[in-house]
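Participant: I am attaching a structure below and will ask some questions about it afterwards.
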Amino acid sequence: MVKKPDLSVKLGGLTLKNPVMSASGTFGYGQEFAEYVPPAMMGAVVTKGISLKPRHGNPPPRICETPAGMLNSIGLENVGLEAFVRDKLPWLKEQGAVVVANILGDQVDEYSALAEGLDHSGGVDMIEINVSCPNVAAGGLAFGTDPEATAAVVRAVRKATGLPLMCKLTPMVADIVSVARAAVAAGADVLSLINTIPAMAVDLKTRKPVLANTIGGLSGPAIKPVALRLVWQVARSVKVPVVGIGGIMTAQDALEFLLAGASAIQVGTANFINPRAAMDILAGVEKYFAENGLPDLSALVGRLETH
Amino acid sequence: MVKKPDLSVKLGGLTLKNPVMSASGTFGYGQEFAEYVPPAMMGAVVTKGISLKPRHGNPPPRICETPAGMLNSIGLENVGLEAFVRDKLPWLKEQGAVVVANILGDQVDEYSALAEGLDHSGGVDMIEINVSCPNVAAGGLAFGTDPEATAAVVRAVRKATGLPLMCKLTPMVADIVSVARAAVAAGADVLSLINTIPAMAVDLKTRKPVLANTIGGLSGPAIKPVALRLVWQVARSVKVPVVGIGGIMTAQDALEFLLAGASAIQVGTANFINPRAAMDILAGVEKYFAENGLPDLSALVGRLETH
Amino acid sequence: MSATFMGDCSVLENRKLARDTYLLRLAASELAAGGRPGMFVMVRTGPDPEKGGSPLLKRPFGLHRIGPDGEVSLLYRVVGVGTGLLSQVRPGEKLEILGPLGHGFDTDVKAASAYLVGGGMGLAPLLALAEDLHRRGVEVTVFYGEREGAYVLAEDHLALFPGRMVVTTEDGAAGRQGLVTAPLAEALAAQAAPVLACGPKPMLAAVAGIANEFCVPCQVSLEASMACGMGACLGCVTSHAQGGYRRVCVEGPVFEAEEIKW
Amino acid sequence: MSATFMGDCSVLENRKLARDTYLLRLAASELAAGGRPGMFVMVRTGPDPEKGGSPLLKRPFGLHRIGPDGEVSLLYRVVGVGTGLLSQVRPGEKLEILGPLGHGFDTDVKAASAYLVGGGMGLAPLLALAEDLHRRGVEVTVFYGEREGAYVLAEDHLALFPGRMVVTTEDGAAGRQGLVTAPLAEALAAQAAPVLACGPKPMLAAVAGIANEFCVPCQVSLEASMACGMGACLGCVTSHAQGGYRRVCVEGPVFEAEEIKW
Ligand SMILES: Cc1cc2nc3c(=O)[nH]c(=O)nc-3n(C[C@H](O)[C@H](O)[C@H](O)COP(=O)(O)OP(=O)(O)OC[C@H]3O[C@@H](n4cnc5c(N)ncnc54)[C@H](O)[C@@H]3O)c2cc1C
Ligand SMILES: Cc1cc2nc3c(=O)[nH]c(=O)nc-3n(C[C@H](O)[C@H](O)[C@H](O)COP(=O)(O)OP(=O)(O)OC[C@H]3O[C@@H](n4cnc5c(N)ncnc54)[C@H](O)[C@@H]3O)c2cc1C
Ligand SMILES: Cc1cc2nc3c(=O)[nH]c(=O)nc-3n(C[C@H](O)[C@H](O)[C@H](O)COP(=O)(O)O)c2cc1C
Ligand SMILES: Cc1cc2nc3c(=O)[nH]c(=O)nc-3n(C[C@H](O)[C@H](O)[C@H](O)COP(=O)(O)O)c2cc1C
Ligand code: FES
Ligand code: FES
């Protein structure tokens, strides 16, 4: 009989029973998927990004399909910190989920206030910092495009909470490694990547952008090769664990990210296509480890051999 | 009877009879496509990137397919300046083609030497500067990731030749507009974008990267939304014409780029899928202009109305 | 909440009813059991995206008819890639479907008669709705508008609708010439009744305006681009009269007209 | 240079010959006219990529048989998405094809007999080649190796090969157990003859080594990932013995063994 592989993974002091997480914004607050995915079965549930105050988000149309991908310009609509802690968190905890709260802000202070609030709330197991938001104080480029701005956010959050911190990197930069190193130096226990890639679709009939916001974030299989490259570059350059995100639709995709150096992965757009995607991926990963006699994650993570 | 639309376009003093060009590296030196595309029918033929000396390129495997895209790590294999001028250019000129020579280098001097050589050779109508090459003197990030390094290359080439200059931008940067402005300030008459996006594929069976070079450039429909976004951002920020590249497979794709602000477009990966792609796209663009009563390109270029 | 079905349904028929317009009959007792008029399903229209197939996202379609005998029918028009692929599906093949989803029509209209208004494929949910209202003893009039006569559904199919059917076309090639709002306004002037409508947003706005004028309740079923269909992506929202947005896939697709910011 | 064909060919038959392995017969007089043994075609295996279909790139397949009567046959094994889709194509459907392409075998072998070596789907081009050599009066022996017996082609199909057919399988379930190189070496020891081979690179390297040992000429047909198939992308290269690279799609797929850097 084959021994069941041990798929647990340690991320910044937190131990997950398996490396399959949901990606923020693609799994609601977990409850939307209750019929398909028992949240306690996942390595962790990463919740929709929350801000200090509720946000309405962008006007519709907010999404459209592109070749092997989709654009979204949700505009970070969310219920805000207070309602999250009051209405969303308790259900997840009752279900026995490991909860990673994704946070976002316009300025450094907003991030640290969020972290403090979540820390006090109890029930949150880790914070994921979304640095792909416009840095209002610095002209609107995302914090995550600049090592120093990224570090400033992480540093402020680090001061505000003792919770494990995961910094979610922005893909559209010339030198991801310098941003990654800055985030780690500022106190990130884990790095996750990638967030969506800014992109656009045009409607020839109306001669308008398809999205009301003109620009949206590209996700799905189309971006998988870009995500794999960035994960590989970061994983070999930092000492903290890396969580791979981007176009993961199947167990095979997940395993490719592990090979490239990811200690865990997040399932995003795939949830929309198959609400059971996270469970299917987990089952496939387990099967692969069992069939290939791999005892635990370390037998695959980062084992990519270059030519 | 519908009047035939005037699809001619002026790019840096050069007038093309139509806005459909080939993308460098996807159309050989034109001759490979002679059976399918008479080079004189195209707005211009952009030739495979050439270096001062011949280059062997990277070991195979050099390509693989990805969702709605492909990776290539050709490694800029090319015949070198001398053979280009001697063996490739004459055929294109005989055919009556407008020739844009794409050039690449490891250092600023190589670019200017190439420009000088091409200028002396006669027969080249425009130079396209590929700045997506590793800047060896500065640690290996591509010239095109940095406004100053980009400007240095353009400035040197500008000094070396009176030919019209098109600078081909690198997509993977946080702020494309600042690179674009630097290139224009340094003397670029035209900007083209995008080059491929660095990416990677993993072979789970061999546990190796699919490409011998590990990293390759992502092209094809997958990157179209990213390209459209970058073209739109650049076109509204500079005064020089912009040439759109990235995932253009059909006339509709080409028209979307024109709407987003491109004065002309380049057909890349599509040539591999349909060797007549450039002609089909041109025919479709002509048809659209005729059917919609658009007299010339200016009736569509940049006419995207945001919401 | 009854469990949502997710799985494969057998295609019984996929028949052209008008230009670009098809009736898809499915063996789908699970959908029939939980389905109510105005609810919708998400259908995978192409090869499996997990194996590289496209399109990536499922497409939403209203329940056209619920029953008889565990059957569910969809009515759709080819407008793009997904619906194009759907039109090529043959009887005996299977389609991956998620549903029924969303908040349907409130069929407890508390009136003796009701006016149903469908613009183009907005007609789709109105058969299930008309049959439901008819069963409740509500007298139904359907106002069905199309741009061109060629799009008007085959006679034998329109005959399935209980009650009166008023067809309008903009080109006048079938039924009365003009917009569907004209006979609706006339009918409301003659006799007040609640209005239940589905169609393109500008039509719905006009219908809501007329209903408001005549002080009758009005329910509208909205369309939106959808990724998940189950409330997670926040992609499908519509502006709410009280500010902010509501999800068309969960709080809708059917809303009271006054909830919507037109 | 004769013009390359680009267009649709009708499928006459798409029949399973062994595990995962199919024979595809096409009505393709243009391909038959220009095709020579060792040349290949690029086949679109899925829905049109210009309409969002995948896979994006065409897939290369050797000409398995050229003729009779304007027919061309391909022999392929399902290894991924493209070949998987190809296996579902039905007679009467059309396939978009570009070809014939590449530099084939030099069939003017200047010898009375020749040894053909095929590993797995490397057998594909050897039927056209054997038939051509046979017509030239060259006595042909085909050495055909497979990993497992289940992959060995149906008897009736192997019977089409003129000359002697020696089958080897690694699992011993069909033919002689072992690698295809063993009987080849024995035959060469008994009688020298030129070798023409197609198959996975490690097998070709071994064959080239044996041919070199026995001082007989050796032609090898290589595989490579291809994007364009027509010399433009430089994606398909193989290392050349004299340094640098050569394009498998133009200078190959058939090379003299000594041209290759193994
Ligand atoms: C709740 C709900 C219920 C629906 N019920 C039905 C139904 O019963 N029958 C039916 O035919 N359709 C219905 N629709 C619309 C249907 O979902 C779309 O027509 C379908 O998704 C288009 O997919 P596609 O891949 O063919 O088009 P795409 O390739 O995605 O789009 C092609 C073109 O069609 C346009 N387009 C996209 N959606 C629509 C639309 N809704 N109306 C008009 N043009 C559109 C796009 O802008 C684009 O220009 C419903 C939509 C919703 C949200
Ligand atoms: C000149 C030439 C002639 C060829 N002739 C034939 C032929 O006559 N019959 C035939 O069956 N095949 C032939 N091939 C190989 C054939 O092109 C590939 O098997 C095919 O492209 C695979 O496509 P796919 O989409 O099914 O696989 P993909 O989805 O592209 O790949 C799936 C898996 O198969 C692997 N794979 C890809 N190519 C090959 C390969 N060549 N061999 C083994 N594994 C591969 C990949 O690494 C991957 O793991 C030829 C190749 C060349 C270059
Ligand atoms: C509809 C949608 C909403 C998203 N919202 C958030 C968010 O609130 N915070 C965040 O960090 N990432 C958000 N993302 C990004 C995803 O978490 C993920 O990084 C990205 O989609 C790439 O993964 P995928 O290709 O698997 O979808 C969102 C993505 C989508 C598609
Ligand atoms: C095989 C291949 C080779 C390429 N070689 C070059 C090159 O030599 N110089 C260059 O500037 N761009 C090169 N490119 C990039 C293309 O010119 C183009 O910018 C890119 O492929 C995006 O367009 P597409 O999506 O239409 O292919 C190459 C692309 C491919 C696919
Ligand atoms: S479609 Fe995803 S929330 Fe409505
Ligand atoms: S496949 Fe493109 S050069 Fe050979």
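Participant: Going by the conditions given, is C:ASP132 surrounded by fewer than 19 Cβ atoms within 10 Å (Cβ to Cβ) and within 10 Å of C:PRO37 (Cα to Cα)? Working first, answer last.
Facilitator: Details: surrounded by fewer than 19 Cβ atoms within 10 Å (Cβ to Cβ): no; within 10 Å of C:PRO37 (Cα to Cα): yes.
Against the criterion (surrounded by fewer than 19 Cβ atoms within 10 Å (Cβ to Cβ) and within 10 Å of C:PRO37 (Cα to Cα)), C:ASP132 does not qualify.
Participant: Additional query: Please give the helices (runs of 4 or more DSSP H) falling wholly within region D:110-222 in which 2 or more residues are over 20 Å from the mean Cα position of the chain (by Cα).
Facilitator: Working: elements: D:124-135, D:155-158, D:181-190, D:201-213.
Once the helices (runs of 4 or more DSSP H) in region D:110-222 are filtered for at least 2 residues that are over 20 Å from the mean Cα position of the chain (by Cα), what remains is D:181-190, D:201-213.
Participant: Which condition number in (1) among the aliphatic types (A, V, I, L, M); (2) in a helix (DSSP H, G or I); (3) more than 14 Å from chain A (Cβ to nearest Cβ) is the one that B:VAL243 fails?
Facilitator: Against the list (1) among the aliphatic types (A, V, I, L, M); (2) in a helix (DSSP H, G or I); (3) more than 14 Å from chain A (Cβ to nearest Cβ), B:VAL243 comes up short only on (2).
Participant: How many residues, within region A:41-87, are facing chain C (nearest Cβ under 7 Å) and among the basic types (Lys, Arg)?
Facilitator: 1
Participant: Scan region C:3-31 residue by residue and report those that are in a helix (DSSP H, G or I) and either on the phi > 0 side of the Ramachandran plot or touching a strand residue (DSSP E or B) at 6+ places or on another chain (Cβ under 6 Å) (or both). So that I can check it myself, show each step before the final result.
Facilitator: The first filter runs over region C:3-31 and keeps only residues in a helix (DSSP H, G or I), leaving C:29-31.
Of everything in region C:3-31, those that are in a helix (DSSP H, G or I) and either on the phi > 0 side of the Ramachandran plot or touching a strand residue (DSSP E or B) at 6+ places or on another chain (Cβ under 6 Å) (or both) turn out to be C:GLU30, C:LEU31.
Participant: For region B:274-299, which positions are surrounded by 23 or more Cβ atoms within 10 Å (Cβ to Cβ) and within 11 Å of another protein chain (Cβ to nearest Cβ)?
Facilitator: Scanning region B:274-299 gives B:ASN274, B:PRO275, B:ALA277, B:ILE281.
Participant: For B:LEU304, all conditions in the list (1) in contact (Cβ under 8 Å) with a residue 40 or more places away in the chain; (2) within 20 Å of the chain's Cα centre (by Cα); (3) surrounded by 22 or more Cβ atoms within 10 Å (Cβ to Cβ) hold save one; what is the number of the exception?
Facilitator: All conditions pass for B:LEU304, except number (2).
Participant: Let me ask something additional. Hey, does region D:76-90 have a residue that's part of a strand (DSSP E or B) and of a type outside the set (S, T, N, Q)? Even if it seems obvious, please write down each step before you answer.
Facilitator: Taking region D:76-90 first, the residues part of a strand (DSSP E or B) are D:76-77.
Cutting the leftovers down to of a type outside the set (S, T, N, Q) gives us D:76-77.
There is at least one residue in region D:76-90 that is part of a strand (DSSP E or B) and of a type outside the set (S, T, N, Q).
Participant: Shifting gears a bit: Tell me, please, whether a residue that is more than 16 Å from ligand 4 (Cβ to nearest atom), away from every other protein chain (no Cβ under 14 Å), outside any helix (DSSP H, G or I) and under 23 Å from B:LYS208 (Cα atoms) can be found in region A:192-209.
Facilitator: Within region A:192-209 (the criterion being more than 16 Å from ligand 4 (Cβ to nearest atom), away from every other protein chain (no Cβ under 14 Å), outside any helix (DSSP H, G or I) and under 23 Å from B:LYS208 (Cα atoms)), the answer is yes, since at least one residue qualifies.
Participant: Can you tell me which residue among D:GLY67, D:GLY34, D:GLY102 is at positive phi and either within 14 Å of chain B (Cβ to nearest Cβ) or over 17 Å from the mean Cα position of the chain (by Cα) (or both)?
Facilitator: On the way: D:GLY67 fails: either within 14 Å of chain B (Cβ to nearest Cβ) or over 17 Å from the mean Cα position of the chain (by Cα) (or both); D:GLY34 fails: at positive phi.
It is D:GLY102.
Participant: From the list C:GLY229, C:GLY235, which residue is more than 16 Å from ligand 4 (Cβ to nearest atom), out of contact with any Pro (no Cβ under 7 Å at 6 or more places or on another chain), modelled with pLDDT of 95 or more and of a type in the set (Gly, Ala, Ser)? Spell out how you get there, then give the answer.
Facilitator: Numbers: C:GLY229 fails: out of contact with any Pro (no Cβ under 7 Å at 6 or more places or on another chain).
On inspection, the qualifying residue turns out to be C:GLY235.
Participant: May I pose another question? Just a yes or no: is a residue in region B:261-280 among the aliphatic types (A, V, I, L, M), farther than 30 Å from D:LEU95 by Cβ and modelled with pLDDT of 95 or more?
Facilitator: Within region B:261-280, the first condition is being among the aliphatic types (A, V, I, L, M), and the residues that meet it are B:262, B:264-265, B:267, B:270, B:273, B:277-279.
Pick out the ones that are also farther than 30 Å from D:LEU95 by Cβ and you get B:262, B:264.
Now drop any that are not modelled with pLDDT of 95 or more, which leaves B:262, B:264.
Looking through region B:261-280, at least one residue is among the aliphatic types (A, V, I, L, M), farther than 30 Å from D:LEU95 by Cβ and modelled with pLDDT of 95 or more.
Participant: Could you list, in sequence order, all residues of region D:70-99 that are within 14 Å of chain B (Cβ to nearest Cβ) and more than 16 Å from ligand 6 (Cβ to nearest atom)? Don't jump to the end; show me each part of the working.
Facilitator: Here is the first cut: in region D:70-99, the residues within 14 Å of chain B (Cβ to nearest Cβ) are D:79-85, D:96-99.
The answer is D:VAL79, D:GLY80, D:VAL81, D:THR83, D:GLY84, D:LEU85, D:GLU96.
Participant: Does D:LEU204 satisfy being under 30 Å from D:LEU98 (Cα atoms) and within 16 Å of ligand 4 (Cβ to nearest atom)? Full working, then the answer.
Facilitator: Numbers: under 30 Å from D:LEU98 (Cα atoms): yes; within 16 Å of ligand 4 (Cβ to nearest atom): no.
No.
Participant: A further question on this structure: Looking at this structure, is B:THR250 within 29 Å of A:GLY217 (Cα to Cα), hydroxyl-bearing (Ser, Thr, Tyr), more than 10 Å from chain A (Cβ to nearest Cβ) and crowded, with 24+ Cβ neighbours inside 10 Å? Lay out the reasoning, then the answer.
Facilitator: On the way: within 29 Å of A:GLY217 (Cα to Cα): yes; hydroxyl-bearing (Ser, Thr, Tyr): yes; more than 10 Å from chain A (Cβ to nearest Cβ): yes; crowded, with 24+ Cβ neighbours inside 10 Å: no.
Taking the combined requirement at face value, the residue does not satisfy it.
Participant: Cβ-Cβ distance below 6 Å, separation of 6 or more or different chains: which pairs start in region B:232-255 with a residue that is within 14 Å of ligand 4 (Cβ to nearest atom) and end on one that is at pLDDT below 95?
Facilitator: That search, which allows pairs on different chains as well, returns B:MET249/D:GLU50; B:THR250/D:GLU50.
Participant: Quick check on region A:51-76: of everything there that is crowded, with 21+ Cβ neighbours inside 10 Å and of a type in the set (D, E, K, R), which residue is farthest from ligand 5 (Cβ to nearest atom)?
Facilitator: In this case the residue turns out to be A:GLU65.
Participant: Can you tell which of B:LYS208, B:LYS168 is surrounded by fewer than 24 Cβ atoms within 10 Å (Cβ to Cβ), basic (Lys, Arg) and within 29 Å of A:ALA227 (Cβ to Cβ)? Quick ask: steps written out before the conclusion?
Facilitator: Values: B:LYS168 fails: surrounded by fewer than 24 Cβ atoms within 10 Å (Cβ to Cβ).
Exactly one of B:LYS208, B:LYS168 is surrounded by fewer than 24 Cβ atoms within 10 Å (Cβ to Cβ), basic (Lys, Arg) and within 29 Å of A:ALA227 (Cβ to Cβ), namely B:LYS208.
The values are calculated or read from the model by the stated rules, or taken from the named source; none is laboratory data. As the structure is a prediction and not an experimental result, all values here were calculated from the model. Glycine gets a Cβ as well: all are built from the backbone with ideal geometry, and neighbour counts include every protein chain shown.
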